[in-house]
Amino acid sequence: MKQFLLFFFSFFLSVSIYASDGNYRFRSLSVDDGMPQNSPRCMVQDAYGYLWIGTESGLCRYNGYEFLVFKNEAENPQSLSNNYLNALAAFPNGDIIVGTDGSGLDWFNRESGTFTHFRKEVQCEADDRSNYIYSLLCAKNALYVGTANGIFVYDFFKQKLFHILQRETKEGEDFFHVIFELAIGKDGGVWVGSSTGLYRINPNDFSVIALPEEKSCFSNFLFYQNGAGMWVADREGGLYLHEDNDINEQQTRILQYFQGKSITSIQGDERYLWVSTNGDGLFKIDQVSGEISNIKASEEELRLKDNKLRSLLLDSNGVLFVGTHYSGLQILNTRSQPISSYRKDISGKHKFYPAGPICEGPDGKWYAGTNKGLYAINPEDLTCIHYEENVADPDALAMNMLTVLYVFGPDTLIVGTDGGLNMLNTRTGKMKRLRFQSKDGTELGYLSVWALQRSYDGSLWVGTWGEGLLNYNFRTDTWTQNSIGDDFPADNVLNIIEKPDHSLLLGTWGWGMLHFDPETKSCKSYGREEGLSDIIISMHLDPDGTIYAGSTDMGLFILNDDFAVKTHLSTKDGLTNNSILSMIADESGRLWLAGVNGLNAYEMETGIIHSYDFDDGLQSSEFSQWGTALCSDGSLLFSGVGGISHFHPDSLKETTFEPKVQFAGFSVFDRNISSENSRLIDKAIYENPQVNISYRERLIRFDVIAMNYANPGKTRYSYMLEGFDTTWTDLGHQRSIQFTSLPPGDYVLKVRASNDKGEWSTKISQLKIHVSPPFWKTWPFYIGVTVFLFIVVFTYIRMRERKLRKANRILEEKVQERTREVRQQKEIIEEKNKNILDSITYAKRIQEAILPAESMVHRLFPESFVFFRPKDIVSGDFYWFSESKDRKKVFFTAVDCTGHGVPGAFMTVFAYNLLSRAVNEKGMDSPAAILNFISSEIREMLWERYEGGNLRDGMDLALCMLDRENRTLKYSGAYNQLCLLTEGEMQEFKADKHPIGEPFKDGETYTEYSIQLEKGSRMYLFTDGLPDQFGGEKDKKFSSKRLKKLLLEISELPMQDQRKHVAETFEAWKGSREQIDDVLLMGVEW
């Protein structure tokens, strides 16, 4: 490095190489933004990244967003002692040392926000001069204070103050060492620039070594550069380098270029040196290329505002802060992308903005279209040739509004405008007009051209607005038109690509992408129905056949060679905008997408998207259609509303900056909390590892900040509260985090920030938060309550035991007495139950006695069965058989009386007697007449005698009369039906839905059926007990339908076998469930 520097300074700088002003963009801050005054005299950056600025009207702290101003307050002894400041230094803990102009030294305590004053008591001129502080240096072991009366050194370890380079007297006159600058060199020695020369202080014993007289100078400013040495600027405008070797053998080389320039500050890194001057602007020295750039003030936006500069500060992230004399603070990102942007030519006469289409011509020049014509720009010196419309020249530019440029041949550039088409010979500079003739041979004076493409046969494809797709044959000077009138679907063609098979890809407005075959005139449209946009304004065809299509509203579409959309990218996927006006592929596999809000580089192999905008050095964030071009050297051109941008894509650097978030403030219920005004924290929030709050603090807020002075507006923040959240919450650009009513517990608040590109930093700041619960939710309270409850319960139990023992004695006596009474009552009840049960059992015998004997049933019907299953001991169901006196007629019935058990049994006796009277005494043989008789008798004897006719006792029955002689069966029923089975077929005879005992309306009576029987016919009568029985797997009723199906299934069995099968089926269906009613089923065969 040393040999290179010697070569550099001896060769390059001896010839005073001077480079023109580059693409440097400054951000300006002034009193309008909150600064106390527009003349930053000194600057320092503290350990937390804050920028401190001393002015002639106070001190301010800048965090990238706003200023915090400190000034002298007459009534506040802890405020700044003097507003006119000369020097600043920062301690590792964030405290700031302030050197004032006449008021001594102020020490700012960051945690308390107060100033402590150190002022030399004035007893003579020397004392007064000691209070003028021009430089400060905070070293590892001591604080160095440079004044108008030498240096005061405070030894941190010995806690002693030393005064060196004090006033001296020569030949009876006093002279003072005015200390302008202090800097630490390679070996830790402190270099001193003063009014009497250059010195170095030994940091161990604070001894002073002066440079030899011939090498001394009036040294105003010092800067140590790693690998080079100590840079020294003198009062006469010289710039020196003291290289890193023995001081007695130092070889100092002067930079001749700065002779006569008033240098005010020096900053730098390992490669670049930045030098500010008072009147000549800012200089940048590139120690690799040997180039010196002079950046001067300009009235243009984002340029240096003042050539008179006072101070410089370069931070670790490459941000240069420039303090001016009158124009405030200027901020330059020295690590911005190597992008050059141009708005005008070298003369300033021709403006390249807003720029439309752009390309590199066959002659290596840049051709840029604007709304004022065409510019041919020499990139070497920014000189240009201007082409514009001229009504007097028929071959002049058709219109000044350019729309598209296309390199057609070695010396030919096709120029499309909003009013026609031109061909430019780039070698001779001559322009020729290409006039379009319609199909009828007339010349169209106006032609809006938007796309150009050379065909394989040497003709030119022209996409237009309003006239569709045109083709111009240079050899025959003829035009071919494809428009809506020619079965061509679109009149507005915005982009043309010719495929290897000579078919065309056309981007259109309104019809999406068209695939057009010029030979067959076949055309296929791909729009929204196929997953694309209806407006395709830019396209790129990759050699592998992949098609990239840019829309004005839906982002980027990536299609296979069969036009199937395989990928769709939009702002949701990382694009800066969904309007892609132009695209170009570079030589490294990146597809550059230019739109209305930024520039994207899409890596076609990996799918990674990179974003660039105005802050990266581009002409603006808005680009033009056809505003991209690939140059012969692999560099790229972009055009837009701000002019022209040029760079090589391989030179762009990915940012490595990772912002670190700091906790800048803490408030509870909107009251700022500090260690001095609250018990919640014991030190400043930025140093406090944990915050302890009570459940009563229901509204808390944390202010955070990440220092990114290059582009603070692009910094985003996100947080996650461990113990409460499981994902990160994006705050956007908001710098405060608020929580309401956090449940008691322990949490960890994690906060991170993004860099300029939106990439989240891996540097995560953490703060522990402990929310203490109310006392009634603490373990001591739980234990105390538990002990208290135990004592209460124990005492209660003991007292209760005493009462219980006493009560038990009394109870035992009562129990013995009650037991005797219960035994007596039990004996009485058992006796009564026995009598009742005996009565019921006797009633059962009586009921069984009135039922027909089995022998009688078999005599009347040899093939028959009766399945009778009472629910209780006695039954409300019964069956009855009788024979006429002449034995020609047989009566049989199945009766279901109201209720079951004892009440039902009484009704069966009553019903039995009525049936016997009707047949045996009155000689009735009509079932309907018998039912009418029984109904009348019940109504008379029960309903009308009791409770005014409200009694509802009765019965359901099915009554049959079999006439043996005529082989007929008569049937009548009240709710109970007859099932007749003949030769495997079942007939159902429905009963009347009219209860026994309720009178009919006028003229009505029970229905009587007369049925002619055949030999082997089987008749079945049953009550509702069997159909209504619950059972089966789903606990449902057996149902009449299932019963009839059962009878059909067993119809071929003998009648006694049928009874057995019915009994088994009933038991299986009922299972362990309770029988709900009396069950009766009878079957007889004729």
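The values are calculated or read from the model by the stated rules, or taken from the named source; none is laboratory data. Predicted, not measured: the structure shown is a model, and the values here were computed from it. Using ideal geometry, Cβ is built from the backbone for each residue, glycine included, and neighbour counts are taken over all protein chains shown.
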field: Selection from segment 1060-1086 of residues that are assigned to a loop (DSSP other than H, G, I, E, B) and of a type in the set (Ser, Thr, Tyr)
entry: Ser1072
message: Let me spell it out: the conditions are (1) out of contact with any strand residue (DSSP E or B) (no Cβ under 6 Å at 6 or more places or on another chain); (2) closer than 29 Å to Asp703 by Cα; (3) hydrophobic (A, V, I, L, M, F, W, C), and Val641 meets all of them except one. Which number is the exception?
response: (2)
field: Criterion (buried (at least 20 other Cβ atoms within 10 Å of the Cβ), modelled with pLDDT of 95 or more and in a loop (DSSP other than H, G, I, E, B)) met by exactly one of Leu397, Leu424, Leu447, Leu405
entry: Leu397
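Can you confirm whether Gly361 is surrounded by fewer than 21 Cβ atoms within 10 Å (Cβ to Cβ), closer than 17 Å to Arg454 by Cα, within 47 Å of the chain's Cα centre (by Cα) and not hydrophobic (A, V, I, L, M, F, W, C)?
On the way: surrounded by fewer than 21 Cβ atoms within 10 Å (Cβ to Cβ): yes; closer than 17 Å to Arg454 by Cα: yes; within 47 Å of the chain's Cα centre (by Cα): yes; not hydrophobic (A, V, I, L, M, F, W, C): yes.
Considered against the rule, which asks whether it is surrounded by fewer than 21 Cβ atoms within 10 Å (Cβ to Cβ), closer than 17 Å to Arg454 by Cα, within 47 Å of the chain's Cα centre (by Cα) and not hydrophobic (A, V, I, L, M, F, W, C), Gly361 comes out as yes.
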message: Given the condition among the aliphatic types (A, V, I, L, M) and over 54 Å from the mean Cα position of the chain (by Cα), answer yes or no: does some residue in segment 195-205 qualify?
response: yes
task: Could you tell me whether segment 273-295 includes any residue that is exposed (fewer than 15 other Cβ atoms within 10 Å of the Cβ), at pLDDT below 85 and small (Gly, Ala, Ser)?
output: yes
field: Within segment 1049-1059, considering residues that are assigned to a helix (DSSP H, G or I) and surrounded by fewer than 14 Cβ atoms within 10 Å (Cβ to Cβ), the one nearest to the chain's Cα centre (by Cα)
entry: Glu1049
- line: Within segment 597-611, residues being of a type in the set (Gly, Ala, Ser), in a strand (DSSP E or B) and within 10 Å of Thr576 (Cα to Cα) number 1
- prompt: Would you say Asn808 is surrounded by 11 or more Cβ atoms within 10 Å (Cβ to Cβ), free of Cβ contacts under 8 Å to residues at least 60 places away in the same chain, assigned to a helix (DSSP H, G or I) and not assigned by TED's automatic domain parsing to the domain that holds Asp872?
  reply: yes
task: Please name all residue pairs, on different chains or six or more residues apart, with Cβ atoms under 8 Å, provided the first residue is in segment 514-542 and is touching a residue at least 40 places away in the same chain (Cβ under 8 Å) and over 21 Å from Val404 (Cα atoms) and the second residue is among the aromatic types (Phe, Trp, Tyr) and part of a strand (DSSP E or B).
output: His515/Tyr526; Asp542/Tyr548
message: Conditions first: (1) within 23 Å of Ala392 (Cβ to Cβ); (2) touching a strand residue (DSSP E or B) at 6+ places or on another chain (Cβ under 8 Å); (3) in a loop (DSSP other than H, G, I, E, B). Tyr456 passes all but one, so which condition is the exception?
response: (1)
task: Could you figure out which of (1) modelled with pLDDT of 95 or more; (2) in a loop (DSSP other than H, G, I, E, B); (3) not polar (S, T, N, Q) isn't true of Pro92?
output: (1)
- request: Identify all residues within segment 698-713 that are out of contact with any helix residue (DSSP H, G or I) (no Cβ under 7 Å at 6 or more places or on another chain) and either in a loop (DSSP other than H, G, I, E, B) or not aliphatic (A, V, I, L, M) (or both); write none if there are none.
  value: Arg698, Arg701, Phe702, Asp703, Met707, Asn708, Tyr709, Ala710, Pro712, Gly713
Residues of segment 556-576 satisfying the condition of being under 20 Å from the mean Cα position of the chain (by Cα) and outside any helix (DSSP H, G or I): His568, Leu569, Ser570, Gly574, Leu575, Thr576
task: Go through (1) surrounded by fewer than 22 Cβ atoms within 10 Å (Cβ to Cβ); (2) farther than 25 Å from Tyr326 by Cβ; (3) touching a residue at least 24 places away in the same chain (Cβ under 8 Å) and name the single condition Asn63 misses.
output: (2)
task: Please state which one of Lys750, Lys763, Lys714, Lys683 is of a type in the set (Lys, Arg), surrounded by fewer than 15 Cβ atoms within 10 Å (Cβ to Cβ) and within 23 Å of the chain's Cα centre (by Cα).
output: Lys763
task: Scan segment 408-421 for residues that are buried (at least 17 other Cβ atoms within 10 Å of the Cβ) and more than 51 Å from the chain's Cα centre (by Cα) and report the count.
output: 1
message: Considering only residues that are hydroxyl-bearing (Ser, Thr, Tyr) and either under 19 Å from Ala139 (Cα atoms) or not assigned by TED's automatic domain parsing to the domain that holds Arg110 (or both), which ones fall in segment 40-54?
response: Tyr48
query: Taking strands (runs of 3 or more DSSP E) that do not extend beyond segment 129-213, which have at least 1 residues that are assigned by TED's automatic domain parsing to the domain that holds Arg41 and without any contact (Cβ under 8 Å) to a residue 12 or more places away in the chain?
result: 160-164, 168-170, 173-175
